[in-house]
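Okay, structure first, notes after.
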Amino acid sequence: MAPGLAGVDHIVVLMLENRSFDHLLGYLYHSSGNVSPSGAPFEGLTGSESCPGPDGNPVSVYPITPGTPDAYFMPGADPGEGFAKANNQLFGTMHPAPDAVPTMTGFVADYAQAIKDNQAKKWYVVPGTAPGWIMGCFAPETLPVLSGLARGFAVCDHWFSSVPTETMPNRAFTCAGTSQGHMDDVTKSYTVPSIFGTLGQHGLAWKIYGYSKPPLTRLNFPDTQKAPAANIGLFKDFQTDAAAGRLPAFAFLEPSWSSTGNSQHPNYSMAAGEQLILDTYRALRSGPAWDKTLLIITYDEHGGCYDHVPPPSGATPPDSSPGEFGFDFTRFGPRVPTVLVSPLIPAGTVFRVPAGSAPLDHTSILATVERRFGVPPLTRRDAAAPDVGAALTLSAPRTDDPLHGVSAPPTPPIPAALAATPSHLAQVREELAARFAPPSSG
């Protein structure tokens, strides 16, 4: 166990939806030449990054400021998702050669098609949305909560999604270390053990919290489906548990999946998600267990949003499951925003693992939980994954509050057409819930 993890009794994960690292945090240290106040190099945007548009002309990155029209509904439409779309964004083709190196130049052209697809499905699209909007990346002042936590604690600038595809496989890797070969959202539940069941078998407390409805994650694995009701709660229960000192060893938080909710799925409200992040942090920081708590804020996949760093190969396949679409699970997905929050982490930390080692990905959450609490790995992937213990370097908890006086941005009114747009994950949750029979309490 890394020495820093010994001071942690509670690991809390808040996993949001479908945003890339550059899109949310690429400008975090732009004003200081991509160097943090602690002197750490930061793999952010220089401002010169670009992608060719549908006409072949380059489209440059640009900052989304609080004054940008419809800033909190950017990039305006739902970008392309899934394995083929991710390939198109990373390689410029849906069918790259096995040894191809990502060029990270297909985002604008792919988004041009995504806008048309949104309109054909009659999904809400912000009026005037253009292909170049996918190159918009949030300035720190536009996301004061996420950026404040990233600066005030640790930002992981080389944290990759586990697979280059959409939500359900990446969430499966987060909770179980494998998607059993699945590479799309058609498969909504899995037949393998999860970290929750493993913790329970070792007498360790865990809990999954939905936002205002019972959580989707409960419905994804046999051991969570069979779990007692005491292991399941809502966000209000999380706030109560944090205030009462009843946090479990591992807590997993979901947002509201609705198109009017706070998941930050494009093109839902970023401001509502900022409020959720702030509420989560405040609940933990004001609770009696704060000094021994690690909060990990991350996003399940990049969701078609721009990032300039090619995801690495060399990933460890989790098991012998044959991969859909011929994928062999040796390549990671694009970078996603990940922030580590703990009073044992110095401000201004940029946390990454040494060059040449396995990078941080979603199974690093599993590795961190497993090594802190002494439970075995679930698959070969999480066995090979680095944990985040080395980020917790302080011997005494900090008492300052990096978000003192910080408020979430006001949530703009939700357009009626957006409210009427169906939420894919809300539909998934309802479909699985309709099949679910909770375990008998008797």
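Worth a mention:
- Count of segment 103-123 residues which are surrounded by fewer than 22 Cβ atoms within 10 Å (Cβ to Cβ) and either assigned to a loop (DSSP other than H, G, I, E, B) or of a type in the set (D, E) (or both): 7
- Count of segment 370-404 residues, restricted to those that are hydrophobic (A, V, I, L, M, F, W, C) and under 27 Å from P144 (Cβ atoms), is 5.
- If only residues of segment 401-442 that are under 14 Å from Q225 (Cα atoms) and in a loop (DSSP other than H, G, I, E, B) are counted, the one that is modelled with the lowest pLDDT is S441.
- Single residue of A242, A289 found to be of a type in the set (G, A, S) and touching a His at 6+ places or on another chain (Cβ under 6 Å): A289
- Of the residues G26, G56, G80, the single one that is within 27 Å of I115 (Cα to Cα) and surrounded by fewer than 16 Cβ atoms within 10 Å (Cβ to Cβ) is G56.
- Remark: pairs (first residue in segment 334-350, in contact (Cβ under 8 Å) with a residue 24 or more places away in the chain and closer than 16 Å to L5 by Cα; second residue of a type in the set (S, T, Y) and part of a loop (DSSP other than H, G, I, E, B); Cβ separation under 8 Å; 6+ apart in sequence or on different chains) = P343/T399; L344/T393; I345/T393; P346/S38; P346/T393.
- Among the residues of segment 194-222, those identified as assigned to a helix (DSSP H, G or I), of a type outside the set (S, T, Y) and over 21 Å from R372 (Cα atoms) are R218, L219, P222.
- Filtering segment 34-47 to residues that are surrounded by fewer than 17 Cβ atoms within 10 Å (Cβ to Cβ) and closer than 17 Å to I134 by Cβ leaves only G47.
- A residue that is over 21 Å from the mean Cα position of the chain (by Cα) and over 29 Å from R285 (Cβ atoms) occurs somewhere in segment 194-216.
- Any hit, segment 122-136, residues being more than 22 Å from the chain's Cα centre (by Cα) and basic (K, R): yes
- Selection within segment 235-254 - in contact with a strand residue (DSSP E or B) (Cβ under 6 Å, 6 or more places away or on another chain) and assigned to a loop (DSSP other than H, G, I, E, B): L247, P248
- Looking only at segment 266-288, residues that are closer than 24 Å to P69 by Cβ and of a type in the set (D, E, K, R) come to 1 in all.
- Scanning segment 79-102 for residues that are touching a residue at least 60 places away in the same chain (Cβ under 8 Å) and either hydrophobic (A, V, I, L, M, F, W, C) or touching an Asp or Glu at 6+ places or on another chain (Cβ under 7 Å) (or both) yields G80, E81, G82, F83, A84, K85, A86, Q89, L90, V101.
- When residues of segment 124-145 are limited to those that are over 20 Å from V336 (Cβ atoms) and aliphatic (A, V, I, L, M), the one surrounded by the fewest Cβ atoms within 10 Å (Cβ to Cβ): A130
- Meets criteria (surrounded by 23 or more Cβ atoms within 10 Å (Cβ to Cβ), in contact (Cβ under 8 Å) with a residue 24 or more places away in the chain, of a type outside the set (A, V, I, L, M, F, W, C) and not in a helix (DSSP H, G or I)) for D319: no
- Of the residues making up segment 185-192, at least one is of a type in the set (A, V, I, L, M, F, W, C) and crowded, with 20+ Cβ neighbours inside 10 Å.
- Residues of segment 47-67 that are without any contact (Cβ under 8 Å) to a residue 60 or more places away in the chain and of a type outside the set (D, E, K, R): G47, S48, P52, G56, N57, P58, G67.
- Within the set V145, V163, V125, V108, the sole residue that is of a type in the set (A, V, I, L, M, F, W, C), over 15 Å from G304 (Cβ atoms) and at pLDDT 95 or above turns out to be V145.
- Among the residues of segment 126-150, those that are hydroxyl-bearing (S, T, Y) and in a helix (DSSP H, G or I) comprise T142, S147.
- Residue count, segment 322-368 (criterion: outside any helix (DSSP H, G or I) and either aliphatic (A, V, I, L, M) or on the phi > 0 side of the Ramachandran plot (or both)): 15
- Condition check for T217: of a type outside the set (D, E) and under 23 Å from Q427 (Cα atoms): yes
- Pick from segment 351-368, criterion surrounded by fewer than 24 Cβ atoms within 10 Å (Cβ to Cβ) and touching a Phe, Trp or Tyr at 6+ places or on another chain (Cβ under 9 Å), ranking: farthest from G177 (Cα to Cα): F351
- Only one of the listed residues (A243, A249) is farther than 21 Å from V369 by Cα, in contact with a helix residue (DSSP H, G or I) (Cβ under 8 Å, 6 or more places away or on another chain), at pLDDT 95 or above and not polar (S, T, N, Q). That residue is A243.
- Residue satisfying condition, being surrounded by fewer than 21 Cβ atoms within 10 Å (Cβ to Cβ) and hydroxyl-bearing (S, T, Y), within set Y211, Y281: Y211
The values are calculated or read from the model by the stated rules, or taken from the named source; none is laboratory data. Since the model is a prediction, treat every value here as computed from it, not as a measurement. Note that we place each Cβ from the backbone using ideal geometry, even for glycine, and neighbour counts take in every protein chain shown.
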